[in-house]
Amino acid sequence: MCGIVGLIGDRVKVGDLIEALEKLEYRGYDSAGVAFLKNHELNITKSKGKVESLKNQLQDRLNELIQIGIAHTRWATHGEPNDINAHPHSDCSCKISVVHNGIIENFRTLKIRLQELGHKFLSQTDTEVIPHLIEEYYNGDLLEAVRKAVLKLEGSYAIAVVHADHPDIIVGARKGSPMVVGVNGQTIGLASDITPLLKFTKEVVFLEDGELVELSKGTVKIIGFDGVARKHHPVFVEWSYEDAQKSGYKHFMLKEIFEEPSCIVSVLTGRIKSGHVVLEEFKPFEKNLANSKAIKVIACGTSYHAALVFKYLLENTTDITADVDVSSEFRYKKPHLKPESIVVAISQSGETADTLESVRLAKRCGAKIIAVTNVVGSTLTREADCVLYLNAGPEISVAATKSYVAQLVMLYLLALKIGEILSNSIVQNSELIDRLMRIPEIFENSLKSVDKIHELAKKYKDYKHFMYIGRGYGYPTALEGALKLKEISYIHATGYPAGELKHGPIAMLGPEFPVFAIAPGDSLSPKMKSNIIECKSRNAKILALTNYDNQEIAELADDVIFVNNSNEELYPLLMTPAIQLFAYFVADELGLDPDKPRNLAKSVTVE
Ligand code: M6R
């Protein structure tokens, strides 16, 4: 999705704006632009394509000190990606400049009215109405003009505004799209997320919906859309600037996969005491759980696959049922929730529009929302009744990797806790807890297969199709494996429950259509074995992911990736690095950039 940034301070350079945009690239975009004030003159440069091309245009100016600046990465929603539609957008006097993340739903009506008043529009964007509206209301006070303008806007937005006559002010506003304000630094600023601000300050304020901020050198003033002053206490961010860098890895995706063992440690830290799971945040909802005996789970994409693992875990180990829905479906369905219902909303970013709308729907039914997310201060955290933070650190690559692993660990803890609360867990909690504690070390071991997986990626990279199959706990892993491969390598991949093959998809299999079998030595292993034999008899190549003791599967397969032996509940966790690394190396071998897959965005903040 779009990314916005604004910087103000005595030492801000043009290059700082570009560097800030580079930090936002992971969000996905198709054009970029900057507006900055120097000697009271507004300079605007925009470019279709990568930040790199914008940087090339500004090459001679990168070291120039500026008064203030705003910048933007655009992910097109209204009007094709080109130089004209790229942000910033300006008013008729070319004194006001605006960058925007989100969608202005009533822009057509506003545009007609503004055109009747004589305003001239240059782009096809919804955003361009904003500078013209501000121009209409401007009477010497920029903050007040922006306040009056946002009252006319319908939709979702985070905006940053500068005016040539106010070389020491940046104004921001937020409704429905995230905005973080970096405070207490020599340079302060605002941005769509924390990463571009970390170089300047670690103290941030998360603007709420319906708030405006005015940044001038050293001071930050926040008011509501009603004009009344609002107070905020800055939050100290633990993430370091270096955390958001590649640390010598070729891509963020690879770095983030190798961070998985430490992420698991972070999730587990303080969560297990004397053999029991500590999830104090969940305590107020224990009664709801006992009454409803069911949990609703909502999520999108990779988070949805984590939700499916949670479902298998909960339903196989307790007598609670877990009903899992993709958020974009749930939000338009009859919710069937009651005031005692518990809804678990899983979202790495905490900003996924469909998940947020589903949460709002559930809240209208009185349900209690448990958020599982990685981003402190994200919209989801502010709307939920309880937040289980993943503490996985910033995930820059568009493909979710370490956040998925962290989600799984948190959901294991939650399932164990639920079993403990209801005293009806049918698995030996202590054994599972023991194994969970040893997972980081076992994970390190799984990551040692990296060279083998790289070799396999070279061997399989030219196939045009892949079928990922699994059963039971292996099924969500098959779905996630297929998603990872298709989203970064653009190879067609389908995830299927292995038992469903003969109800249709087996018709596609043949020498050109390999099968990636998620086949741990669990209770369903004999069934998987039969499914693999069925695929082999259609001459499909078999790449199997199994554990060391499962020689039967290994003998059937053309190629094998092994993981450590474990109990069946933990295989989804143990098998994850292999499916991620396979997808990563295939994409890399095909010469693609796994960190920035085409057409995708890190935070899907629009429907
Ligand atoms: O931030 P969220 O977890 O809510 O994001 C959900 C999906 O958009 C996300 O998992 C997406 O599928 C990724 N591309 C997966 O790698």
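Restricting to helices (runs of 4 or more DSSP H) lying wholly in the range 451-556: which have 3 or more residues that are more than 16 Å from the ligand (Cβ to nearest atom)?
Output list reads 525-536, 551-556.
Please enumerate the residues belonging to the range 570-603 that are farther than 21 Å from LEU408 by Cβ, modelled with pLDDT under 95 and either more than 16 Å from the ligand (Cβ to nearest atom) or among the aliphatic types (A, V, I, L, M) (or both).
If the condition is that a residue be farther than 21 Å from LEU408 by Cβ, modelled with pLDDT under 95 and either more than 16 Å from the ligand (Cβ to nearest atom) or among the aliphatic types (A, V, I, L, M) (or both), then LEU600, ALA601 are the ones that fit.
Going by what's in this entry, would VAL359 be described as closer than 19 Å to GLY176 by Cβ and in a helix (DSSP H, G or I)?
Considered against the rule, which asks whether it is closer than 19 Å to GLY176 by Cβ and in a helix (DSSP H, G or I), VAL359 comes out as yes.
Whether any residue in the range 360-369 is within 16 Å of the ligand (Cβ to nearest atom), in contact with an Asp or Glu (Cβ under 9 Å, 6 or more places away or on another chain) and among the aliphatic types (A, V, I, L, M) is what I want to check.
yes
Answer yes if at least one residue in the range 374-381 is within 21 Å of the chain's Cα centre (by Cα), within 10 Å of the ligand (Cβ to nearest atom) and within 30 Å of ASP522 (Cβ to Cβ), and no otherwise.
Yes, because at least one residue in the range 374-381 is within 21 Å of the chain's Cα centre (by Cα), within 10 Å of the ligand (Cβ to nearest atom) and within 30 Å of ASP522 (Cβ to Cβ).
For LYS217, are the conditions met, namely being among the basic types (Lys, Arg) and crowded, with 19+ Cβ neighbours inside 10 Å?
For LYS217, the condition - among the basic types (Lys, Arg) and crowded, with 19+ Cβ neighbours inside 10 Å - is not met.
Does the range 235-248 include one or more residues that are closer than 30 Å to ALA587 by Cα, assigned to a helix (DSSP H, G or I) and of a type outside the set (A, V, I, L, M, F, W, C)?
Yes, the conditions are met somewhere in the range 235-248.
Name the residues in the range 271-304 that are among the acidic types (Asp, Glu) and in contact with a helix residue (DSSP H, G or I) (Cβ under 6 Å, 6 or more places away or on another chain), would you?
GLU286, the sole residue that qualifies.
Could you check ILE453 against (1) assigned by TED's automatic domain parsing to the domain that holds TYR584; (2) surrounded by fewer than 18 Cβ atoms within 10 Å (Cβ to Cβ) and say which number it fails?
Result: ILE453 passes all but (2).
Yes/no per residue for (1) among the aromatic types (Phe, Trp, Tyr); (2) under 19 Å from GLY301 (Cα atoms):
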| position | (1), (2) |
| --- | --- |
| ARG438 | no, no |
| ASP451 | no, no |
| TYR463 | yes, no |
| LEU483 | no, yes |
| HIS492 | no, yes |
| GLU512 | no, no |
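How about the range 161-177: which of its residues are over 20 Å from VAL375 (Cβ atoms) and crowded, with 24+ Cβ neighbours inside 10 Å?
VAL161, VAL162, HIS163, ILE170, VAL171, ALA173
It is to be established whether one or more residues within the range 280-293 are buried (at least 19 other Cβ atoms within 10 Å of the Cβ) and within 30 Å of ASN445 (Cβ to Cβ).
So far as the range 280-293 goes, no, none of its residues is buried (at least 19 other Cβ atoms within 10 Å of the Cβ) and within 30 Å of ASN445 (Cβ to Cβ).
For the subset of the range 260-316 comprising residues that are of a type in the set (Lys, Arg) and farther than 23 Å from TYR404 by Cα, which member is modelled with the highest pLDDT?
LYS283
If you check ARG382 against the conditions, is it assigned to a helix (DSSP H, G or I), of a type in the set (Lys, Arg) and closer than 24 Å to PRO394 by Cα?
When the stated conditions are applied, ARG382 passes them.
When you go through LEU314, LEU254, LEU337 one by one, which is the residue that is more than 16 Å from the ligand (Cβ to nearest atom), buried (at least 19 other Cβ atoms within 10 Å of the Cβ) and in a helix (DSSP H, G or I)?
LEU314
Of all residues being away from the ligand (no atom under 16 Å from the Cβ) and among the acidic types (Asp, Glu) in the range 318-334, which is modelled with the highest pLDDT? Just the residue, please.
Checking each candidate, the answer is ASP323.
Out of all the residues in the range 277-310, which are hydroxyl-bearing (Ser, Thr, Tyr), within 16 Å of the ligand (Cβ to nearest atom) and in contact with an Asp or Glu (Cβ under 8 Å, 6 or more places away or on another chain)?
The answer is THR302, and nothing else.
Can you tell me which residues in the range 539-554 are more than 35 Å from the chain's Cα centre (by Cα) and at pLDDT 95 or above?
ASN539
Pick from the range 388-408 the residues that are more than 8 Å from the ligand (Cβ to nearest atom) and small (Gly, Ala, Ser): which of them is nearest to LEU254 (Cα to Cα)?
Checking each candidate, the answer is SER397.
Select from the range 458-478 the residues that are of a type outside the set (Val, Ile, Thr) and crowded, with 21+ Cβ neighbours inside 10 Å and list them in ascending order.
Within the range 458-478, TYR460, PHE466, MET467, TYR468, GLY470, ARG471, GLY472, TYR473, GLY474, TYR475, PRO476, ALA478 meet the criteria.
The values are calculated or read from the model by the stated rules, or taken from the named source; none is laboratory data. Because the structure is a prediction, the values reported are computed rather than measured. Cβ coordinates were reconstructed from backbone atoms using ideal geometry, including for glycine residues, and neighbour counts include every protein chain displayed.
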